[in-house]
């Protein structure tokens, strides 16, 4: 029957865009016709047997995973599901920095974290991923952990030695979960380190939208190996997904896996050639490291060449660079008291590269101040109550300046990147409060500190 004769007698209520606010429909256009429900032929995310299942299998084939699961609730849902599936009522080793969604997974699983604070690189003004030796030492000290959780790449693009880490973790006969939210493009071409599925991790979570051509909120998780129960992982993920998934998001995931398999490598190789040409003649260390990565490695560490991190050690300097870029219509990822982050397209255009390079080069970059105490030489915090107890305890809000000696009631995280500096259940001390005051006073957005500089603590 001709499409014009079809009548929608099913949800959603906008009837494929026929009843939709005109102010928005002009922007949405024909995409509203894809905003459908589980009609015949469209499969069901909660029991995929047709086109969704086939698309997930194609994504798995690209990465070499045993199984790939689609998430329309971002990497956050996938991270929480992974923790729930492996560490319910048990301990889990959390090595290095992590996104706040990991903490929510601990609450849901009633799991106890063994926290290894990330090391801080004072030269580059950034936290670094954990080393295999650090994780091996922690596993010897805590042999009862049910799993190991690692974030790689970091928001700034540092990449851990995942193959060596996977070997260490598997020697302890536990699974390795990797938050690879910023690394769905890894392994696409020479010059980019391999993804964590290739390196042997058991659960790998990737935010498809962060780097690949996909809509915001799309993610997938890859599963493999004998150390996880894949059926339980699926069950936990479905608990955190809507029963009315957006077919726009599912279509975007399908298009992303097709792009990876058919266009990704050629696109990335072309972009890397442009990047290398500029990097080889650059004097700036924040760009020069790209030239050293023709086999995916600089002299000191792995780094994603599509993330340009400019360390400043000064919010004032970072803000000046950001303002100069924005005045030229160049919108960066973020600027904070540590530096400036630019996230490049996988399809780099030489004209765009010239535009932001000329602006950044015009800005004076003083020597980096590496004395930010809130980041430097931080110890692993001691939690006085469990994540779940802290989440459901009675809270009160008090001024940050009066919080020394009190137990934090929520994560406190500069955002971006969303990496917690304070954990629920942690005792607030003078050094932590002083560091947070410094971040707040410099204008850095800190989630967990309100406009009056108040924070949540457990009620006495």
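Listed values, structure above:
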item: Flag if residue 67 is farther than 18 Å from residue 169 by Cα, in contact with a strand residue (DSSP E or B) (Cβ under 7 Å, 6 or more places away or on another chain) and surrounded by fewer than 24 Cβ atoms within 10 Å (Cβ to Cβ); result: yes
item: Test: residue in segment 28-37 that is over 31 Å from the mean Cα position of the chain (by Cα) and exposed (fewer than 13 other Cβ atoms within 10 Å of the Cβ); result: no
item: Segment 70-97: number of residues that are within 11 Å of the chain's Cα centre (by Cα) and surrounded by fewer than 24 Cβ atoms within 10 Å (Cβ to Cβ); result: 2
item: Breaking point among (1) part of a loop (DSSP other than H, G, I, E, B); (2) at pLDDT 90 or above; (3) touching a strand residue (DSSP E or B) at 6+ places or on another chain (Cβ under 8 Å), for residue 293; result: (2)
item: Segment 191-229, residues that are part of a strand (DSSP E or B), more than 13 Å from the chain's Cα centre (by Cα) and under 14 Å from residue 260 (Cβ atoms); result: 222
item: Residue within segment 14-24 that is surrounded by fewer than 15 Cβ atoms within 10 Å (Cβ to Cβ), touching a residue at least 60 places away in the same chain (Cβ under 8 Å) and out of contact with any helix residue (DSSP H, G or I) (no Cβ under 6 Å at 6 or more places or on another chain) present; result: no
item: Whichever residue in segment 422-460 is under 23 Å from residue 107 (Cα atoms) and in contact with a helix residue (DSSP H, G or I) (Cβ under 6 Å, 6 or more places away or on another chain) and, among such residues, is surrounded by the most Cβ atoms within 10 Å (Cβ to Cβ); result: 424
item: Residue among 264, 183 that alone is crowded, with 18+ Cβ neighbours inside 10 Å, modelled with pLDDT of 95 or more, within 21 Å of the chain's Cα centre (by Cα) and over 25 Å from residue 83 (Cα atoms); result: 264
item: Single match in 411, 419 (criterion: in contact with a strand residue (DSSP E or B) (Cβ under 9 Å, 6 or more places away or on another chain), under 15 Å from residue 117 (Cβ atoms) and surrounded by fewer than 22 Cβ atoms within 10 Å (Cβ to Cβ)); result: 419
item: Condition check for residue 274: at pLDDT below 95, touching a helix residue (DSSP H, G or I) at 6+ places or on another chain (Cβ under 6 Å) and closer than 30 Å to residue 437 by Cα; result: no
item: Residue in segment 125-145 that is under 21 Å from residue 67 (Cβ atoms) and surrounded by fewer than 23 Cβ atoms within 10 Å (Cβ to Cβ) present; result: no
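The values are calculated or read from the model by the stated rules, or taken from the named source; none is laboratory data. Here the structure is a predicted model, which means the values were calculated and not measured. Cβ coordinates were reconstructed from backbone atoms using ideal geometry, including for glycine residues, and neighbour counts include every protein chain displayed.
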